[in-house]
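Notes to accompany the following structure.
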Amino acid sequence: MNLVIEQARMADLFGTYHERGYVVIEDGRIEAVGEGPSPDVPGARRLDAQNMLLTPGLVNAHAHLYSSLARGISLPNYSPKSFGDILEGLWWRLDRALDLEGVYWSAMVGGLQHLRAGVTALFDHHASPSAIQGSLAQIKRAVVDELGLRCDLCYEVTDRGGEAARDAGIAENVEFAKGLPKDGMCAAHMGLHASFTLSDKTLERAVAAAEPLGLPYHIHLAEGKEDVVDALKKYGLRPAERLDKFGILTEGTLLAHGIHLSQAEIDLLAARPASVIHNPRSNMNNAVGAAQVEGMLSRGIRLGLGSDGFGCDMIGELLSASLLAHHAAADPTALGGEKLLALIRHNYALAERFFGIPMGKLSPGYAADLVLWEYDPPTPLSAENLPWHLMYAKISEGLVPHTVIVAGRVRLSGGVVQSVDEREALAKSREVARALWARI
Ligand SMILES: [Zn+2]
């Protein structure tokens, strides 16, 4: 059905601003945009925005939906001293305890949270070593088919569960990618955990499986020092150099974190088309250090922004990228203005590539992935200062979507999730989480 949004204050990160404008949506795309009263579109549903703020939906370039049921968990004797301890003591215990039902409900809960944070497209990195086969279909069912978000999926291949689990991980990526409908709602990568849990043989197998399908990779890179120490010790290479040896730093590849990189690795990444995904809040939480974001941007490396499963608030993540850069450089001008915005703009470029439709602008032909925020600005708002309105609203009075539209379909309306009974879903997820925690 066609939709007209009228009486909206409208802005994007690419220079569009209307004080009281309209958007006409047809077949999942923006058909027309303008200032003033909307044109008559016969048969279209009309939505009065009451001068609330309309922006393009947000994109999360590195998510872990499988972590969603960890909220409030308590693990006896868990007192991590390093990033390796955090993985072994928490995440690798949680992911091992997930069955397919747990995968589905983690995805449902995480998907609801993304929807409520105004995120309309995400790139997920999944692990459930006791339930590998069919796991990506469960995530797709919850997030894409039922909640209506766009989602790019992959399974984290690793050696930590032995050869059979490794091969099942590769097969899960391949089977899922082969069966994808071409409707622009779902996409796939070849998922890899990180250099330090992947042998040469495993990387060879994963690359041999991915290349015929044209799949790029989604992998953690130099998140903790462990990744660097392992690659140097076992292979005499730094992690990015090792991945490059296998042809992994290709167009569309997502390299999450990129913290402990040498100058030579930064030079290498500058010469390759792969994207580095910055996850500032997760990095601070895990105490793994601060990526050299400004240095990488100045070398022309493509940088996007993710949450790494540490919530899914991309506006808060953007502000955190700014704060972490200020703090790490002891310089309040670090990663200022356009440099900061490059992160969130690159997320739109990634989403465009994988979902096959222009993203991020309030312009004709672009995806009708839109968020109507309950926001009445206390100071003048423009396209130029939009991100600062969003970030400071977020940490002051709060910033909540009233309506979320994905591919032209209303998925949240008046704060109510449209296609899923949220209360019932959360009651069920509490049950599943209780059973999951008991298995850990
Ligand atoms: Zn991650």
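The values are calculated or read from the model by the stated rules, or taken from the named source; none is laboratory data. Small disclaimer: the values here were computed from a predicted structure and weren't measured. We place every Cβ from the backbone using ideal geometry, glycine too, and count neighbours over all the protein chains shown.
Of the residues ALA70, ALA97, ALA63, which single one is within 22 Å of ALA407 (Cα to Cα), surrounded by 13 or more Cβ atoms within 10 Å (Cβ to Cβ) and assigned by TED's automatic domain parsing to the domain that holds HIS125?
Checking each option against the conditions leaves just ALA63.
Which numbered condition trips up GLN263, out of (1) free of Cβ contacts under 8 Å to residues at least 12 places away in the same chain; (2) within 15 Å of the ligand (Cβ to nearest atom)?
(2)
Would you check which residues across segment 113-129 are part of a helix (DSSP H, G or I) and either β-branched (Val, Ile, Thr) or surrounded by 24 or more Cβ atoms within 10 Å (Cβ to Cβ) (or both) and list them?
Correct list: HIS114, LEU115.
On the basis of being closer than 27 Å to ARG45 by Cβ, touching a residue at least 12 places away in the same chain (Cβ under 8 Å) and surrounded by fewer than 20 Cβ atoms within 10 Å (Cβ to Cβ), does GLY414 make the cut?
So GLY414 fits the description; yes.
Residues in segment 226-242: is at least one within 13 Å of the ligand (Cβ to nearest atom), touching a residue at least 12 places away in the same chain (Cβ under 8 Å) and among the aliphatic types (A, V, I, L, M)?
no
Among MET1, MET10, which is of a type outside the set (S, T, N, Q), at pLDDT below 95 and under 22 Å from LEU149 (Cα atoms)?
Residue meeting the stated conditions: MET1.
Here is a check on your reading of the model: is ILE132 buried (at least 24 other Cβ atoms within 10 Å of the Cβ), of a type in the set (A, V, I, L, M, F, W, C), in contact (Cβ under 8 Å) with a residue 40 or more places away in the chain and assigned to a loop (DSSP other than H, G, I, E, B)?
Considered against the rule, which asks whether it is buried (at least 24 other Cβ atoms within 10 Å of the Cβ), of a type in the set (A, V, I, L, M, F, W, C), in contact (Cβ under 8 Å) with a residue 40 or more places away in the chain and assigned to a loop (DSSP other than H, G, I, E, B), ILE132 comes out as yes.
Being more than 20 Å from ALA351 (Cα to Cα) and not in a loop (DSSP other than H, G, I, E, B) is the requirement here; does HIS193 meet it?
Judged against the criteria, HIS193 is a match.
With VAL293, VAL276 as the choices, which residue is buried (at least 22 other Cβ atoms within 10 Å of the Cβ) and within 16 Å of the ligand (Cβ to nearest atom)?
VAL276
Kindly provide the set of residues from segment 393-411 that are surrounded by 14 or more Cβ atoms within 10 Å (Cβ to Cβ) and either assigned by TED's automatic domain parsing to the domain that holds THR120 or assigned to a loop (DSSP other than H, G, I, E, B) (or both), ordered by number.
Hits for segment 393-411 are LEU399, VAL400, ALA407, GLY408.
Right, VAL371: of a type outside the set (S, T, N, Q) and out of contact with any helix residue (DSSP H, G or I) (no Cβ under 9 Å at 6 or more places or on another chain) or not?
Spelling it out, VAL371 is indeed of a type outside the set (S, T, N, Q) and out of contact with any helix residue (DSSP H, G or I) (no Cβ under 9 Å at 6 or more places or on another chain).
Of the residues that make up segment 338-360, is at least one free of Cβ contacts under 8 Å to residues at least 24 places away in the same chain and in a helix (DSSP H, G or I)?
yes
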